[in-house]
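What follows is one structure encoded as structure tokens, with my remarks underneath.
Readers should treat all values here as calculations from the given coordinates under stated rules, not as data from a laboratory. These numbers come from a predicted model, not from an experiment. Don't worry about glycine lacking a Cβ; one is built from the backbone with ideal geometry, like all the others, and counts go over all protein chains shown.
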């Protein structure tokens, strides 16, 4: 795998989770259809483990291929940008629904 491919994996994982989370949050805010909120919480349950697996695989790949370790860590950090965003969206969702 090339350096650019490694960063692309991180960026795709980040943007996919980010865009799906935005669709769920703003879909609920704009339409008040509770299915958006439900899908958002399900997204949290599925996206977190998937992103963790991607991060683990990137780190393992980097450990076996030392020349790519720096890029694997960069890609992992890009994915980790979603963590505070997901926490914020979770609390917004709970507040908006009124659990």
- request: Out of 25, 43, report the one residue that is within 18 Å of residue 83 (Cα to Cα), part of a helix (DSSP H, G or I), in contact (Cβ under 8 Å) with a residue 40 or more places away in the chain and in contact with a helix residue (DSSP H, G or I) (Cβ under 6 Å, 6 or more places away or on another chain).
  value: 25
task: Out of 69, 58, 43, report the one residue that is farther than 30 Å from residue 95 by Cβ, within 16 Å of the chain's Cα centre (by Cα) and surrounded by 14 or more Cβ atoms within 10 Å (Cβ to Cβ).
output: 58
message: List the residue pairs whose Cβ atoms are under 6 Å apart, where the first residue sits in region 74-95 and is in contact (Cβ under 8 Å) with a residue 60 or more places away in the chain and at positive phi, the second is surrounded by 12 or more Cβ atoms within 10 Å (Cβ to Cβ) and part of a helix (DSSP H, G or I), and the two are 6 or more positions apart or on different chains.
response: none
